[in-house]
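Worksheet for the structure shown next.
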Amino acid sequence: MPGANPRALQKARDLPADGLIFDLEDAVAPAAKEMARGIVAGALNAGGYGWRELVLRVNGFDTPWGKTDLALAARLPIDAVLLPKVERADQVAHAVSLLDELGAPAALAIWCMLETPIGILNAAAIAAASPRLAALVAGTSDLAKDLHALHTRDRAPVLTSLGLLLLAARARNLVALDGVHLDLADDEGFAFACRQGRELGFDGKTLIHPKQIAPANAAFGPSSEEVTWSRRVVAAHIDAEFKGAGIVLLDGRLIEKLHVEDARRIVAIAEAIDQIECGTAPPT
């Protein structure tokens, strides 16, 4: 959400999105940077965003605004800082050092956008740069530009980059978020990109308009069939452990530890979604 748009920040309090990114970077013109900081600070300090994960995208440290943005982030009631165009591990280390100097809470996480060829090639080192790091975000628009790639429906030109980002994220147990879909009139293409992102292994997708939230939630949330099967897998495993059985068979299929771990993850996601939709408790 553009940090200089108070109406968008107000409407976000009612959006069924898991996270909200308050943008001070690309979505804000240079002349409006200082004003955007004030608008974002006012909105976040006023609260009302409920269970949503709150993230501030700052300007790069090679700009006149980056360090001041980070100083603001250290004081705001947010969950994470999103660093743009990260290309090296030392950029993350520098941000961590500044946050420590600024007295940021220890729980304040860092997210990194990988949106250049160098950033993608250094994804593994970036992912290992700091315990504060919680997520890698694919910046597919800038990446396609730098690759001189076409924006195709199947996203074949960026699949190698997406795969490298995912490998780096999974190797360090980080969240991996897919890039944005810019054509708001292309509902079919957006639905395909969401399905593809989930099939690749992404945890979710970054969005640019409220109309994209429902399709993304449907694509990345587990289906009722997946949840039912996962609950059965977990129950069968518990029953086998209780009986001292070494092998678990469910509907003729061998259930191994890796299947049980994945089933528990799917059940946990489903339960968090239920909590959010019922408004009974924040997700864990």
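Here, each number is a calculation from the coordinates, and none is a lab measurement. Since the model is a prediction, treat every value here as computed from it, not as a measurement. For neighbour counting, all protein chains shown are included, and Cβ atoms are generated from backbone atoms with ideal geometry for every residue, glycine included.
If you stretched the chain out fully between Leu102 and Ile247, how much longer would it get, using 0.36 nm times the residue separation minus the C-alpha to C-alpha distance?
Extra length available between Leu102 and Ile247 comes to 46.8 nm.
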task = Sort the stretch 59-112 into rounded, prolate or oblate with this rule: let a ≥ b ≥ c be the square roots of the eigenvalues of the Cα gyration tensor; rounded if a/c is under 1.5, and if a/c is not under 1.5, prolate when a/b is larger than b/c, oblate otherwise.
result = prolate
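About the Cα centre of the stretch 84-145, how large is the charge dipole given +1 on each Lys and Arg Cβ and -1 on each Asp and Glu Cβ? Please answer in debye to the nearest 20.
In total the dipole reaches around 140 debye.
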task = Search the structure for amide H atoms under 5 Å from the amide H of Leu133, placed 1.01 Å from N in the peptide plane, and list their residues when 5 or more places away or on another chain.
result = Ile110
query = Which residue fluctuates the most in the chain, going by a Gaussian network model with Cα springs under 10 Å, if the choices are Lys205, Lys257, Lys11?
reply = Lys257
ask   = Relative to the longest principal axis of the chain, what angle (0 to 90°, nearest 10) does the C-alpha long axis of helix 257-278 take?
value = 60 degrees
ask   = Looking at Leu143, Ser230, Leu102, which one has the Cα that reaches farthest to the positive end of the dipole of the chain (charges on Cβ: Lys, Arg +1; Asp, Glu -1)?
value = Leu102
inquiry  = Using a 10 Å cut-off around each Cβ, can you sort Asp187, Asp203 from fewest to most neighbouring Cβ atoms?
reply    = Asp187, Asp203
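If each residue's Cβ is checked for other Cβ atoms within 10 Å, how do Ile238, Ile273 rank with the fewest at the top? Mind dumping the intermediate values first?
Numbers: Ile238 12, Ile273 16.
The order, fewest Cβ neighbours first, is Ile238, Ile273.
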note = Here the stretch 60-67 yields Karplus 3J(HN,Hα) values (6.51, -1.76, 1.60; θ = phi - 60°; whole Hz; Gly and Pro given as x) of x, 6, 8, 10, x, 10, x, 5
remark   = So, relative contact order of the chain in percent, Cα under 8 Å, 6 or more apart, is 11 percent
query = Looking at the stretch 187-284 from every direction and averaging, what is the projected area of its Cα convex hull in nm²?
reply = 8.0 nm²
Per-selection metrics, the stretch 1-120 (Cα): Rg and Dmax in Å = 13.7, 39
ask   = Kirkwood hydrodynamic radius of the stretch 99-195 from all distinct Cα pairs, in Å?
value = 14.4 Å
note = Kirkwood Rh over alpha-carbon pairs of the chain plugged into Stokes-Einstein at 20 °C, 1.002 mPa s gives a D in µm²/s of 106 µm²/s
Proxy reagent accessibility, fewest Cβ within 10 Å first, across Thr140, Thr116, Thr63 = Thr63, Thr116, Thr140
inquiry  = Over 23 Å between Cα atoms: which of Lys85/Lys205; Lys145/Lys205; Lys67/Lys205; Lys11/Lys145; Lys11/Lys33; Lys205/Lys257 fall into that group?
reply    = Lys67/Lys205; Lys11/Lys145; Lys205/Lys257
query = Got a sec to turn the phi values of the stretch 105-111 into Karplus ³J(HN,Hα) couplings, 6.51 cos²θ - 1.76 cosθ + 1.60 with θ = phi - 60°, whole Hz, x for Gly and Pro?
reply = x, 4, 7, 5, 8, 10, 10
ask   = For the stretch 30-46, in order, what is each residue's ³J(HN,Hα) by Karplus, 6.51 cos²θ - 1.76 cosθ + 1.60 with θ = phi - 60°, in whole Hz (x at glycine and Pro)?
value = x, 5, 9, 4, 5, 4, 4, 4, x, 5, 5, 4, x, 5, 5, 5, 6
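Classify the stretch 224-278 from the C-alpha gyration tensor, please: rounded if a/c falls under 1.5, else prolate or oblate depending on whether a/b exceeds b/c.
prolate
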query = How far, in nm, would the chain grow between Thr160 and Glu256 when pulled straight, counting 0.36 nm per residue and subtracting the alpha carbon separation?
reply = 31.6 nm
task = Express in nm, to one decimal, how much length is gained between Asp146 and Ala214 on full extension, taking 0.36 nm for each residue of separation and deducting their alpha carbon distance.
result = 21.4 nm
ask   = How high is the relative contact order of the stretch 224-278, in percent, counting Cα pairs under 8 Å that sit 6 or more residues apart?
value = 42 percent
